[in-house]
Amino acid sequence: MKLQTAFTVNRVTDEIWEIPTSEKPGMLVPARIYATEPILNSMDSGVFEQVTNVACLPGIRRYALCMPDGHWGYGFPIGGVAAFDPQDGIISPGGVGYDINCGMRLIRTDLTLAEVQPRLEQLMTELFRKVPAGVGSRGFVKVTPQEFAEVMRKGARWCVERGYGWQEDLDRTEERGCIGEADPADVTDYAVQRGISQLGTLGSGNHYLEVQVASQDRLFDPQTAAAFGVTGHEQILVMVHCGSRGFGHQVASDFLKVFEKAMRRYDISVKDQQLACAPFCSPEGRQYFSAMNAAANTAFANRQVITHQIREAFQSVFGQSAESLGMHVIYDVAHNIAKVERYAEGDLVVHRKGSTRAFGPGRSEVPALYRHVGQPVICGGSMETGSYLLVGTADAMEHTFGSTMHGSGRTMSRAQAKRSVKGEQVQRDMKRRGIIVKAVSMSGLAEEAGLAYKNISEVVEAVDRAGITKKVAELRPIGNIKG
């Protein structure tokens with residue numbers, strides 16, 4: 001099959017496509033793309049080039065993978081997944097991304113649309129006030145450099161210890177909100193300077209806070225939904241999408257420079273300098289892993305503080321405690337990270353770049369509360385089209401290193417989106433459809449218009465049909481905050 005690429009892409013199933021190793025010199029494993037045929041045909045040529053470049057990296061195991069939300073990124077395609085042997089394989093910032101542990105958090109409530117609709121404008125105004133957004137935004141949590149080092153080590157646990165959350169929040173967060181092997185000594189002073197004032201902030205770009213509705217007619221698996229605390233009946237939920245902000249960006253920038261030199265020392269060549277890497281077991285590789293984990297823990301802490309602010313906003317507007325409003329975290333999952341995980345081959349260094357962990361039932365890393373059904377998977381769509389709650393499967397563990405899509409995926413550059421539509425028009429159109437949008441920047445709002453993204457329902461359908469995640473509920477937006 002020939003697409004908008006010079007590569008031959010073979011059909012494995014209706015949702016799995018493979019580029020064989022013969023298609024590019026140096027490929028060590030095939031490249032596999034998860035997509036329906038229409039989605040595959042719509043992918044930009046950079047996806048095929050980048051996923052085959054990843055297949056050439058030392059120590060890669062099984063396949064270089066790309067999910068159906070895949071599009072051109074830095075180094076790896078966004079939507080990329082690759083696993084490496086920790087002894088003879090590498091670690092690469094281009095396989096993690098600049099926004100380390102950019103991720104999703106979903107919070108349920110006992111409120112209904114009928115209860116929220118009359119106060120929606122007030123609620124969105126209060127959330128916009130409580131949760132700083134935009135480039136350079138600063139949070140209300142003030143920390144010293146010594147305290148920030150503790151945030152790097154402890155992640156969300158640091159927040160809960162100081163009253164910015166509940167103990168159960170940790171049980172419902174990937175790695176309980178704290179990844180080990182995080183050493184602040186491996187982080188530069190400049191990275192600390194960029195991140196120290198950003199706890200509890202959304203940032204800009206595609207980051208958002210969204211108030212959503214789960215309706216009974218959009219529950220695909222009511223039993224699993226109930227296990228996650230989603231009952232439908234026009235139930236109100238809140239979704240947060242953000243990461244480590246400028247801190248993680250600086251960690252990535254610092255180590256890309258380190259790795260460019262390290263590759264010469266270790267005689268590593270790559271197809272694209274954006275894939276700069278080092279052996280995982282080398283001093284440089286271990287230092288990046290440590291600094292990356294410090295940034296990941298800071299991102300968990302960031303989303304934890306935002307959760308605290310969301311609860312305070314709801315308490316203020318509805319005059320009840322967050323506990324009485326049933327504001328429990330459903331789950332918090334990372335989608336820009338490299339982690340050591342155990343599979344049939346043993347321990348592997350799994351890179352997920354714009355891809356979400358999707359562990360199936362019985363896996364010990366899944367919270368005990370959900371272990372019988374599998375890990376919740378949170379996939380954000382565009383602010384105009386809604387999002388999905390899914391669940392991990394045994395097939396994902398077998399075929400994709402427990403990974404799936406993370407969102408809808410862009411089809412249009414930010415510059416192109418701004419040329420196509422004005423932010424003010426997007427805001428007016430959404431309000432007419434019952435979605436209240438608060439934005440720091442109208443140009444930023446235009447960048448995130450629904451026309452710039454793939455159809456989230458089609459992307460979700462691809463992973464559901466492939467069996468690597470299963471649909472649980474569709475969530476439609478009624479209020480959105482953009483940086």
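Odds and ends about this structure:
- Leading residue by the ranking (surrounded by the fewest Cβ atoms within 10 Å (Cβ to Cβ)) among those in the range 195-208 that are among the small types (Gly, Ala, Ser) and either out of contact with any strand residue (DSSP E or B) (no Cβ under 7 Å at 6 or more places or on another chain) or in a strand (DSSP E or B) (or both): Gly205
- Only one of the listed residues (Val96, Val81) is in contact with a Ser or Thr (Cβ under 7 Å, 6 or more places away or on another chain), within 30 Å of Asn41 (Cβ to Cβ), among the aliphatic types (A, V, I, L, M) and buried (at least 24 other Cβ atoms within 10 Å of the Cβ). That residue is Val81.
- Of the residues Thr125, Thr173, Thr144, Thr109, the single one that is without any contact (Cβ under 8 Å) to a residue 40 or more places away in the chain, on the phi < 0 side of the Ramachandran plot and among the β-branched types (Val, Ile, Thr) is Thr144.
- Selection within the range 106-157 - crowded, with 20+ Cβ neighbours inside 10 Å and of a type in the set (Ser, Thr, Tyr): Thr109
- Restricting the range 429-483 to residues that are of a type in the set (Asp, Glu) and within 20 Å of Met412 (Cβ to Cβ) leaves a set whose member that is nearest to the chain's Cα centre (by Cα) is Glu448.
- Restricting attention to the range 44-71, the residues that are part of a loop (DSSP other than H, G, I, E, B) and either among the small types (Gly, Ala, Ser) or at pLDDT 95 or above (or both) add up to 5.
- In the range 408-432, the residues that are part of a loop (DSSP other than H, G, I, E, B) and either of a type in the set (A, V, I, L, M, F, W, C) or crowded, with 20+ Cβ neighbours inside 10 Å (or both): Ser408, Gly409, Met412, Val421
- Residue within the range 209-222 that is under 21 Å from Ala313 (Cα atoms) and part of a loop (DSSP other than H, G, I, E, B) present: no
- Residue within the range 398-407 that is closer than 30 Å to Leu113 by Cβ, part of a strand (DSSP E or B) and of a type in the set (Gly, Ala, Ser) present: yes
The values are calculated or read from the model by the stated rules, or taken from the named source; none is laboratory data. Everything numeric in this text was worked out from a predicted model, so none of it was measured. Backbone-built Cβ (ideal geometry, glycine too); neighbour counts: all protein chains shown.
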